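Just below is one structure, and these are the notes that go with it.
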Amino acid sequence: MTLSGVGKCRQVGISESGIDEAVQKLLARGYNVGRMEQLETSEQAKSRGSTSVIRRKLVHVFTPSTTSEGNIGPDAVHLLAVKETCNELENGSTAFGFAFVDCAALKVWVGSISDDASCAALGALLMQVSPKEVIYDARGLSKDAQKALKKYSLTGPAAPLMSPVQPGADFVDPAEVKNFLDLKGYFKGSCNRWDHTFDGVTSHDVALCALGSLANHLERLMVLYTSILTIVLLNLGSHF
């Protein structure tokens, strides 16, 4: 094994037979791991010129919250996306849409909750899901919601990583989310059409945008489970 550093990234050279074990050790220590594959031999590189660099390509990014080697069940690893909007139907109360994935089980849960300034329902959701990582749009969350996330990150049992969505990488239009998911072929493994899951969601649009944030994050990590993920509606307090 060789180790070098470029910028803020550490580079590790590992034989192909030992890569799975090495990745799991790095994930257990909280690192994100990008897998690069060599696209040509040294001889092929030299044929393009004596100073040519061997071509390599990033093919997958492993993170502690998207491991496919984790437990299934009560000890499962979850990646959670949260969106917030004003719910005019309930006298200005807040509606949160959420979507979270268990990459080991190849399953996604979606839903929505109504909350007030105390964000008690959001806190209950975090406690129930116990995510390893939370994706959120800092510009789209109220101060009360951000305080609730920060409090959970400091005092919750999982101490999750809080990951604000990159500018321009989030969805605000439900129709755009639907087009994105259909284009990428997510949830083809579901028994029914994925969008039928949202028939029972009270705040349909914000839940769909949360799912879009989650799927877009997985796309950026090159987590290629598009054809076999299933999607399930979750009501707060029910088992999953």
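The values are calculated or read from the model by the stated rules, or taken from the named source; none is laboratory data. Because the structure is predicted, anything quoted here is derived from the model rather than measured. Every residue, glycine as well, gets a Cβ built from its backbone with ideal geometry; the counts of neighbours run over all protein chains shown. Note: accessible area is taken over every heavy atom of the protein model, side chains too, but ligands, DNA and RNA are not part of it. Shrake-Rupley method; radii C 1.70, N 1.55, O 1.52, S 1.80 Å.
Largest accessible area first, the listed residues Leu79, Leu161 line up as Leu161, Leu79 when surface is computed with a 1.4 Å probe on the assembled protein chains. Each of Arg35, Arg56, Arg48 has its accessible area taken with a 1.4 Å probe; listed largest first, they run Arg56, Arg48, Arg35.
Look at the dipole of region 12-159 built from charges on Cβ: of Ala45, Val59, Ala81, the Cα furthest out on the positive end belongs to Ala45. Residue ranking by accessible heavy-atom surface, 1.4 Å probe, largest first, among Thr66, Thr155 comes out as Thr155, Thr66.
Using a cut-off of 28 Å between Cα atoms, the listed pairs Lys25/Lys132; Lys151/Lys178; Lys83/Lys151; Lys147/Lys178 include Lys151/Lys178; Lys147/Lys178 as exceeding that distance. Ligands, DNA and RNA are left out, and with a 1.4 angstrom probe the accessible area of region 110-152 is 46 Å² per residue.
For Arg55 and Lys143, a Förster radius of 51 Å and the Cβ-Cβ distance give a FRET efficiency of 0.60, rounded to the nearest 0.05. With all protein chains in place and a 1.4 Å probe, the accessible surface of region 14-66 carries 48 percent carbon and sulfur. As a calculated quantity, the FRET efficiency between Ser93 and Arg220 at R0 = 35 Å, using C-beta atoms, amounts to about 0.60.
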